[in-house]
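These notes concern the structure reproduced below.
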Amino acid sequence: MTMPQRRDPSSASRSALHTAVLYALVAVGWILTSDWLLTLFGVLPQTVLMWQTVKGLGFVTVTAILLFVLFRAQLRRREESERRFSTLVENLPGMVYRCEDDRHWTMRYVSRAAQKLTGYAPAELIGTTGTAYAELIHQDDRQYVWDEVQQAIKADRPFQFEYRLYRQDGNLIWVWEQGCAVPDKDHEGGIVLEGLMLDVTERKQAEAIAQEAAERLESVGDNLPGGAIYRLYRDPNGDYRFTYASRGVEQILGISRERMLADAASVFSLTEAPYDQFVFASNERSACDLSIVDMELPQRLPDGTRRWIAVRSLPYRSAEGGVLWDGIVLDISERKAAEEKLREAAAVFANTAEGVVITTLDGEIRDVNQAFVDVTGYEREEAIGENPRILKSGRHEHGFYQAMWQSLEETGQWRGEIWNRRKDGMIYPELLTISAVRDGQGKATGYVGVFTDITPMKEAEERLEYLAQHDALTGLPNRLLLNARLRHSMRQAKRRNGKLALLFFDIDRFKHINDSLGHTAGDQLLQQFAKRLTESLRTGDTVARISGDEFIVLLEGVDSSATIAAILHKLMEALKPPVALIIPWSTVAKPPQA
């Protein structure tokens with residue numbers, strides 16, 4: 001079955017009217033002209049009737065021949081037109097149809113494409129005995145399709161919609177349909193529906209995939225931690241506008257997404273000077289050569305907060321000559337703050353007076369500062385990769401280091417004094433603090449040691465201790481140190497069942513020497529007296545100055561009074577020689593005081 005071509009009724013009427021008028025004019029002209037010719041040639045009245053009969057028969061014959069030629073040409077044109085229209089319809093990619101305006105969508109005609117679209121042969125869909133097309137429409141879409149068609153008929157407009165359709169094999173496809181209502185020439189006052197159906201399943205699937213991808217992209221953009229995605233457009237006139245932005249921009253930039261999409265300048269104005277000019281120049285350059293935009297920018301938010309953002313976008317040219325950038329913006333404020341802290345820490349690390357050494361958990365040195373180099377004598381390149389054992393002095397027992405590591409493992413810290421060895425072999429004391437470095441999960445990743453060379457402090461302590469236990473003038477032990485040594489000697493003598501002796505010395509008329517010759521002479525005398533006693537004693541004996549001119553000698557390991565007497569004799573002999581004093585002349589010339 002073919003689908004006849006629709007004609008414009010008004011055009012056909014005009015064509016028929018033109019033909020009828022032309023025929024009437026020709027007929028009237030023939031009758032008047034033939035009668036006039038008969039009169040002109042003087043035809044007898046009795047023969048006029050015969051000629052009029054011949055004339056009429058000739059006119060009818062010519063008219064019949066003319067009508068035959070005209071009708072045959074018209075039918076041939078009609079058949080050719082219908083053939084071409086039928087060929088066109090049958091070769092369309094979609095199904096052309098004509099159906100009743102009823103709930104069953106009873107088909108009067110369908111093109112061959114019906115089988116490809118529905119799986120049914122055209123004959124199976126046509127008429128009331130075939131498969132009702134309405135039954136193929138998805139049950140959830142039937143009412144929608146009916147309502148759309150009826151509204152279009154009432155509005156006297158074409159209808160167009162998409163719906164789901166079951167094929168003969170049970171597969172569900174998407175159909176795009178467009179058509180309109182036309183008069184039903186078989187039923188006076190009725191209408192039929194004519195239109196085209198296309199299988200758009202692949203397009204709908206692609207749209208669904210694209211929609212899902214867009215929803216996922218938007219979901220990613222809206223839930224991107226500390227970030228957002230956007231699309232920026234620059235038209236051929238050089239004007240910028242944002243065509244998309246995820247919700248994350250509201251947290252990052254402090255402005256609503258709606259404002260960003262409505263006014264691109266509200267976003268660009270957040271960038272602090274002079275970076276704002278850099279942004280414009282970078283965008284213009286990218287628009288010219290389609291280079292990637294990669295920037296880190298300080299922003300001043302509407303509430304006055306300062307924030308750092310990272311922007312990275314990929315440009316591509318649009319069909320109308322503009323440029324689009326698909327990009328991502330990240331809040332890097334925390335990273336920038338961490339970098340600033342790292343710079344500060346690096347400055348402290350490099351310039352602090354304390355030595356700093358950073359090691360792995362295994363003790364491999366990863367870095368040292370300049371103070372470490374200055375104290376230990378090892379250059380940075382020499383120390384990196386080594387173990388802190390290169391500084392070991394050998395003055396500490398193994399248990400000392402065991403206790404150190406135990407403290408590090410239990411508390412993550414150790415602090416104390418330690419003796420280390422410089423590169424030149426010199427041993428020195430240092431105050432060392434070792435702390436474990438931990439990652440975000442609290443797991444130790446290495447150690448940092450900070451130390452101070454306390455050699456000056458140790459020397460000062462030793463000096464103070466020496467002064468506290470020795471006489472400043474003679475260098476002999478004072479009463480405090482004498483008492484300590486005496487207690488020690490008594491314990492030793494008791495333990496060994498030995499003996500010890502104490503000898504008491506003083507200088508006669510020492511006050512007279514001070515008064516007459518001055519304190520300088522008195523000091524020299526005391527120093528010489530102490531020296532002679534010290535040089536005359538055995539190793540292990542002690543000479544102590546307990547007051548101005550009073551001295552005590554502690555003798556250890558004496559076994560008899562004779563030994564004591566011999567030592568005493570030796571001491572007295574040492575003291576007999578005169579003492580040479582250096583006395584200022586002014587002191588000698590000074591008259592003695594009463």
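Computed values, structure above
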{"item": "Residues with amide H under 5 Å from that of D367, placed H, sequence gap 5 or more", "result": "I358"}
{"item": "Accessible area of H519 in the full protein assembly, 1.4 Å probe (Å², nearest 10)", "result": "130"}
{"item": "Square roots of five times the Cα gyration tensor eigenvalues for the chain, Å", "result": "133, 29, 18"}
{"item": "Per residue solvent-accessible surface (Å²) - segment 385-474, probe of 1.4 Å", "result": "63"}
{"item": "C-alpha center-to-center spacing [segment 328-361, segment 480-507] in angstrom", "result": "62"}
{"item": "q = 0.17, 0.18, 0.27 Å⁻¹: log10 I(q)/I(0) that the Debye formula gives for segment 420-493, counting C-alpha atoms only", "result": "-0.83, -0.87, -1.11"}
{"item": "Order by protection proxy (mean Cβ within 10 Å, highest first), peptides 338-347, 309-318, 213-222", "result": "309-318, 213-222, 338-347"}
{"item": "P(r) weight above 18 Å for segment 320-428, C-alpha pairs, percent", "result": "65"}
{"item": "Helix axis angle, 142-155 relative to the chain longest principal axis, alpha carbon, degrees", "result": "60"}
{"item": "Dipole in debye (nearest 20) - the chain, about Cα centre, beta carbon charges: Lys, Arg +1; Asp, Glu -1", "result": "1040"}
{"item": "P(r) tail fraction, segment 72-166 - alpha-carbon pairs more than 21 Å apart, %", "result": "43"}
{"item": "Shape call, segment 260-347: gyration tensor on alpha carbons, a/c limit 1.5", "result": "prolate"}
{"item": "Cα Rg over Rh - segment 113-262, Kirkwood", "result": "1.19"}
{"item": "Two-site FRET efficiency, L92 against D303, from Cβ-Cβ distance with R₀ of 45 Å, rounded to 0.05", "result": "0.10"}
{"item": "Of all accessible heavy-atom area on the chain, the percent that carbon and sulfur account for (1.4 Å)", "result": "57"}
{"item": "Alpha-carbon centroids, segment 136-161 and segment 363-421: separation in whole Å", "result": "87"}
{"item": "Separation of the K116 and A493 label points, Cα + 7 Å toward Cβ, nm", "result": "13.1"}
{"item": "0 to 90° range, to nearest 10: angle between helix 455-469 axis and the chain longest Cα axis", "result": "30"}
{"item": "FRET efficiency for T452 and S318, using Cβ-Cβ distance with R0 set to 60 Å, rounded to 0.05", "result": "0.35"}
{"item": "Separation in nanometres of the label points that stand 7 Å from Cα toward Cβ, at A468 and D294", "result": "6.5"}
{"item": "Principal semi-axes in Å for segment 461-553 [√(5λ), Cα gyration tensor, largest first]", "result": "27, 16, 10"}
{"item": "Distant-in-sequence amide H partners of I309 (H built 1.01 Å from N, under 5 Å)", "result": "L297, Q299, I332"}
{"item": "Inter-label distance for E334 and A501, nm, one decimal - labels placed 7 Å from Cα along Cα-to-Cβ", "result": "8.4"}
{"item": "Expected 222 nm ellipticity per residue - DSSP helices of 4 or more, -39500 (n - 2.57), all of the chain, to 500", "result": "-15000 deg cm²/dmol"}
{"item": "Rounded tilt (10° steps) of 45-90 against the dominant C-alpha axis of the chain", "result": "20"}
{"item": "All Cα pairs of segment 197-299, percent lying beyond 19 Å", "result": "55"}
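The values are calculated or read from the model by the stated rules, or taken from the named source; none is laboratory data. Worth saying up front: this structure is predicted, and the values here are computed from it rather than measured. Cβ sites come from the backbone with ideal geometry, for glycine too, and all protein chains shown count toward neighbours. Heads up: the accessible areas ignore ligands, DNA and RNA and are worked out on the full protein's heavy atoms, side chains in. Shrake-Rupley method; radii C 1.70, N 1.55, O 1.52, S 1.80 Å.
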